[in-house]
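Just so you know, all these numbers are worked out from the coordinates, no wet-lab data involved. The structure displayed is predicted, hence computed values, not measured ones. Every residue, glycine among them, receives a Cβ derived from its backbone with ideal geometry; neighbour counts consider all protein chains shown.
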Amino acid sequence: MKCIFIYNPVSGNGKIAKKLDVIVNGLKEKYDVVDTYATKCSGDMTVKAREFAAEYDAIVFSGGDGSFNEVLQGIGGLEKVPELGYIPSGTVNDIAHTLKIPKNIKKALKIITTGRLENLDCMLVNGERYVMYVVAAGAFTSATYTTPQTSKNHVGKIAYWFEGVKRNLKFQVFDVCCQNATECNHTHSVLISVMNSRFVAGFGLNKKASLQDGKLEVAIVPQKERPNFFSKIGGFFSVAKLFLFGYKKKNKPSKSLISAEGNSFDIEVGDDVVWNFDGEKGISGRIHIEVVPGKVRMIVPNKLKQI
C-alpha cells in the first residue's frame, strides 16, 4: 500500500516538521511506500489531497481542524476516496477529541498503524462546500479564524476566548429561520450551531452525537430583536450555558435554547451574517446543509466505542 503524509509545517510550532523522520518510520510499519509533502500556503492541502487521492491508498495528514477541513475539501467530491489517518497538531483539535485521537505523535501513529477503518458522515453546504463537524454563526464564532497564530501558539485555546470576548461584548442579533422536513424555527438569535460531532471549540457541546447516524443537531440561542441590558446579559448566560452544559434536544423551545435534529436544513439569515465552517471563515447569508453519510474513510482507535 502507498501512503502520502501531508503536513502543515507551521502548525504546532513546527513540531511535526521536527519529528518527520519518526512519523515516516512509524508509517512504514504499515505502508510499503511512504512519501511526504509540506504545504506551502492556505488551500494547498486541499489541492494536494485531491491530486494525491488518485495515486495513493492512504492520505495521512497533520494539522488542526482547519487542516482537516482542507483535506475534506480535496476528497469530498471524489467518487473513490483513500483511507485517512490523522495526527492532530492544532490548537483545539475538536475532531481529534471526538475520535479520541491523541496529540502525542507516537500514540497517534499507533492508531494509524493498528486502528480500524470506519466510514464517517460529513456535511455538505449549498451542494459544494464540505464540512466535517460544525457550521456556526453568531457569538464567538469568528474567534477561531480572527485569532492571530502567534496568540494560539503562546496560550492555546484560551486565545480564542480572549478574542471572542473582545469581539463579542456586544452580541450581534440576527434574524434566523431554520427549517427541516418536519419543523420550522423562526426567531432572533445571537448564535446558531449545526453540529455533527461531540466537541466544538474545545467543549463537549454535543456529547451524545454520532458521526455515523446520518443526523445533524442544531442549537439556536434566541434573543430579543432589540435587547435591553438585562436581555443582553441573559443572552450571554444562555451561550455560556450551552458551552458549559452542552446541547440537549428539547421538545419545546425555551428562552435559552431552541433545538432541532434532522438530515438536512434550510437556514435563512441576513447577508451580513458570516458562517464558520470547522473553525474557518465560510460564506455569508442563506445556506442549505445536509448530511453526506459515510463519506469519510477514517482510521480510528480500536477501543473507540462511540463514533
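If the elastic network links every pair of Cα atoms under 10 Å, which of THR182, THR141, THR113 fluctuates the most in the Gaussian network model of the chain?
Looking only at THR182, THR141, THR113, the biggest GNM fluctuation is shown by THR182.
Which whole-number percentage describes the relative contact order of segment 166-307, with Cα contacts under 8 Å and a sequence gap of 6 or more?
On the way: 244 pairs, mean separation 34.5, N = 142.
Computed over segment 166-307, the figure is 24 percent.
Would you work out which of PHE174, ILE233, LEU191 lies farthest towards the positive end of the dipole of segment 170-233, given +1 charges on the beta-carbon of Lys and Arg and -1 on that of Asp and Glu, about the Cα centre?
Working it through, the farthest residue towards the positive pole turns out to be ILE233.
What does the C-alpha gyration tensor say about the overall shape of segment 2-114? Classify as rounded when a/c is under 1.5, otherwise prolate if a/b is larger than b/c, or oblate.
It comes out rounded by the Cα gyration axes.
For the chain, modelled as a Gaussian network with Cα springs under 10 Å, which listed residue fluctuates most, GLY138, GLY14, GLY64?
The residue with the greatest mean-square fluctuation here is GLY14.
Arrange the peptides 295-303, 81-89, 276-284 so that the one whose residues have, on average, the most other Cβ atoms within 10 Å appears first. List each step's numbers first, then the result.
Numbers: 295-303: 18.0, 81-89: 23.3, 276-284: 20.8.
For the peptides 295-303, 81-89, 276-284, the packing ranking is 81-89, 276-284, 295-303.
With each pseudo-label sitting 7 Å past Cα toward Cβ, what's the LYS2-ASP57 distance in nm, one decimal?
The modelled label-to-label distance comes out at 1.2 nm.
Please give the direction-averaged projected area of the C-alpha convex hull for the chain, in square nanometres with one decimal. Mind showing how you got there, number by number?
Details: hull surface 59.4 nm².
Over every viewing direction, the Cα hull of the chain projects on average to 14.8 nm².
What ³J(HN,Hα) values, in whole Hz, does the Karplus curve 6.51 cos²θ - 1.76 cosθ + 1.60 give for segment 203-215 when θ = phi - 60°, with x put for Gly and Pro?
10, x, 6, 9, 5, 9, 6, 9, 8, 9, 9, x, 9
Going by amide H atoms built from the backbone, whose H comes under 5 Å of the H on THR91, apart from near neighbours?
ASP65
What distance in nm separates the simple spin-label points at LYS249 and ARG226, each placed 7 Å from Cα in the Cβ direction?
Result: 3.9 nm between the two label points.
Considering Cα pairs under 8 angstrom that are at least six residues apart, work out the relative contact order of the chain and quote it in whole percent.
Values: 672 pairs, mean separation 65.0, N = 307.
Contact order relative to length: 21 percent.
Using 31 Å as the Cα-Cα cut-off, could you pick out the over-long pairs in LYS103/LYS207; LYS48/LYS249; LYS18/LYS215?
Details: LYS103/LYS207 20 Å; LYS48/LYS249 39 Å; LYS18/LYS215 40 Å.
Exceeds cut-off: LYS48/LYS249; LYS18/LYS215.
Looking at the chain only, what percent of DSSP beta bridges run antiparallel? Nearest 5 please.
In the chain, approximately 70 percent of DSSP beta bridges are antiparallel ones.
Under a Cβ-only charge scheme (Lys and Arg +1, Asp and Glu -1), can you give me the dipole magnitude of the chain about the Cα centre, in debye to the nearest 20?
On the way: 41 positive and 30 negative charges, 296 e Å.
Roughly 1420 debye, rounded to the nearest 20.
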